[in-house]
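What follows is one structure encoded as structure tokens, with my remarks underneath.
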Amino acid sequence: MVPQSHYLILGAILFTIGSVGVFTRRNALIIYMCIELMLNAVNLTFIAFSRFLNNMDGHVFAFMIMTVAAAEAAVGLAIILALFRNRQTVNVDDINLLKG
Amino acid sequence: MQLLIFYLLGGVAISAALLMLTNKQPVNAAMSLIVTMLCLAGIYVLLEAHLIAALQIIVYAGAIMVLFLFIIMLLNIQEKEGRLSGRKLFLQGAGIVMIGFILINVIRLTVSDNLAAKTQGFADGFGTTRAVAKLLFTEFVLPFEIASVLLLAAMVGAVILAKQKVE
């Protein structure tokens with residue numbers, strides 16, 4: 001029997017790895033993939049809590065998170081595509097028109 | 001036995017996530033992320049979340065990551081960035097790792113592992129499609145309908161954003 005804290009710690013480790021990637025990588029696509037990893041870690045936390053509290057609401061919420069992640073992936077990648085067409089780069093350091 | 005499977009899947013998931021973090025090529029990073037998602041699907045099966053495990057493979061690893069790979073190959077990125085260079089970036093990364101360490105210890109110290117009180121009296125079809133659908137169509141029907149509107153909006157938005165300008 002796997003204790004509950006193991007699942008939560010695994011979710012926390014994956015979330016940390018994803019957030020380190022969001023802050024330190026410079027390629028917009030890798031940053032986006034790290035965001036998806038963070039969403040997956042949160043999904044794992046929801047499912048773990050749902051099982052250990054014997055409540056099915058966590059599954060429905062994980063379903064909704066997946067839906068939102070799919071919609072966000074489609075629109076975000078379209079934005080990155082349009083950005084690449086205009087600036088010929090996906091390095092987030094070069095996209096600094098709004099910089100003061 | 002379950003503990004062994006969990007450690008195996010968890011270890012592969014964490015190492016694939018670290019591989020994704022430190023990879024120069026975006027295609028290799030996407031492949032590592034797919035491995036992580038498949039390991040997470042295995043862990044969902046351990047947690048008796050059968051529908052979510054199947055959806056994870058179908059939707060996440062099978063549709064979203066394929067979309068990622070399409071865009072990566074379409075843009076044909078020539079990777080020029082240095083490998084996580086810069087002292088400021090390293091300090092930011094180290095700060096986040098410290099916050100993650102604190103988070104893990106908070107979880108370890110506050111979550112009580114008494115299983116006997118909670119894991120008895122499981123409903124018979126816990127985690128099956130029928131149980132999720134029962135909730136989704138009765139108690140959570142409003143989020144369900146709003147999710148469909150959200151998907152419609154995302155479809156329209158993605159088509160408009162990615163459309164080439166007609167000359």
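Brief remarks follow.
- Residues of the stretch B:36-55 that are open to solvent by 40 Å² or more (accessible area, probe 1.4 Å) and not in a loop (DSSP other than H, G, I, E, B): B:Leu38, B:Val45, B:His50, B:Ala54.
- Unmet requirement for B:Leu33, which otherwise passes all of (1) facing chain A (nearest Cβ under 7 Å); (2) more than 20 Å from B:Gly100 (Cβ to Cβ); (3) assigned to a helix (DSSP H, G or I): (2)
- The set of residues in the stretch A:70-88 that are among the hydrophobic types (A, V, I, L, M, F, W, C) and open to solvent by less than 50 Å² (accessible area, probe 1.4 Å) comprises A:Ala70, A:Ala71, A:Ala73, A:Ala74, A:Val75, A:Leu77, A:Ala78, A:Ile80, A:Leu81, A:Ala82, A:Phe84.
- A:Gly58 touching a helix residue (DSSP H, G or I) at 6+ places or on another chain (Cβ under 9 Å), more than 7 Å from chain B (Cβ to nearest Cβ) and open to solvent by less than 30 Å² (accessible area, probe 1.4 Å): yes
- The criterion of being facing chain B (nearest Cβ under 7 Å), within 15 Å of B:Leu33 (Cα to Cα) and open to solvent by 10 Å² or more (accessible area, probe 1.4 Å) does not hold for A:Ile31.
- When the stretch B:64-79 is filtered for residues that are assigned to a helix (DSSP H, G or I) and facing chain A (nearest Cβ under 7 Å), the ones remaining, listed by number, are B:Ile64, B:Leu67, B:Phe68, B:Ile71, B:Ile72, B:Leu75.
- Of all the listed residues (B:Leu84, B:Leu142, B:Leu89), the sole one being at pLDDT below 80 and either in a helix (DSSP H, G or I) or surrounded by fewer than 11 Cβ atoms within 10 Å (Cβ to Cβ) (or both) is B:Leu89.
- Residues within the stretch B:117-135 that are modelled with pLDDT of 80 or more, open to solvent by less than 60 Å² (accessible area, probe 1.4 Å) and either over 23 Å from the mean Cα position of the chain (by Cα) or more than 9 Å from chain A (Cβ to nearest Cβ) (or both), tallied: 2
- Condition check for A:Leu53: surrounded by 18 or more Cβ atoms within 10 Å (Cβ to Cβ) and without any contact (Cβ under 8 Å) to a residue 60 or more places away in the chain: no
- Answer residue from the stretch A:11-28, given it is closer than 16 Å to B:Leu9 by Cβ and open to solvent by 10 Å² or more (accessible area, probe 1.4 Å) and is farthest from the chain's Cα centre (by Cα) among those: A:Ile13
- All positions within the stretch B:36-52 that are at the interface with chain A (Cβ under 9 Å from one of its Cβ atoms) and without any contact (Cβ under 8 Å) to a residue 60 or more places away in the chain: B:Thr36, B:Met37, B:Leu40, B:Ile43, B:Tyr44, B:Leu46
The values are calculated or read from the model by the stated rules, or taken from the named source; none is laboratory data. These numbers come from a predicted model, not from an experiment. Don't worry about glycine lacking a Cβ; one is built from the backbone with ideal geometry, like all the others, and counts go over all protein chains shown. The accessibility values were calculated without ligands, DNA or RNA, using every heavy atom of the protein model including side chains. Shrake-Rupley method; radii C 1.70, N 1.55, O 1.52, S 1.80 Å.
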